[in-house]
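Input: a single structure, listed below in structure tokens.
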Amino acid sequence: MNEIVKFLNLTEQDVLAFSQGEHTVKVSKFKKIVNSIFQSSVPEALIKVLKEQGINGVDIYEPSVRGFQNYQWLLVGKECEALTVGSGEWQKGKVRIRVTLEFCPDEVEEKVEENSNNGSLDGLRKQLNLDS
């Protein structure tokens, strides 16, 4: 299965905890679920909204399988042309959707201060200077 969702800063073996640890899930399982949702529900919702906004021609139709393959927006992309500012000409290519989930750890300033005072050489020097 092609990965649509990329997860930054965590490995497949890492674990996520939600609701203060009441609910846990391995990152590998979480990615599999999110990938599944994006492959099944998101493309159809995207097509619907684009058409509602008057943007047509966005379906991906595959004659070989005789049906719409809109999940391809997430895998190979939809063929289109882009006119970029300053280029003066249309460039052929594809628009593809990618999703990035990123784990952003909270800052831990208090622990750093405690550790620098208690366990480091500088912390010991500070303690020795204060005691004399």
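Annotations for the structure displayed:
- Cross-chain or 6+ apart pairs with Cβ under 7 Å, segment 26-42 first and under 12 Å from F7 (Cα atoms), then modelled with pLDDT under 80 and part of a loop (DSSP other than H, G, I, E, B): N35/M1; N35/E3; N35/I4
- Among the residues making up segment 72-93, those that are in a loop (DSSP other than H, G, I, E, B) and exposed (fewer than 10 other Cβ atoms within 10 Å of the Cβ) are T84, V85, G86, S87, G88, E89.
- The residue that is nearest to I97 (Cα to Cα), counting only those in segment 24-80 that are modelled with pLDDT under 80 and touching an Asp or Glu at 6+ places or on another chain (Cβ under 7 Å), is N70.
The values are calculated or read from the model by the stated rules, or taken from the named source; none is laboratory data. Note that the structure is predicted; figures quoted are calculated from it, not measured. In this analysis, Cβ positions are derived from the backbone assuming ideal geometry, glycine residues included, and neighbour counts consider all displayed protein chains.
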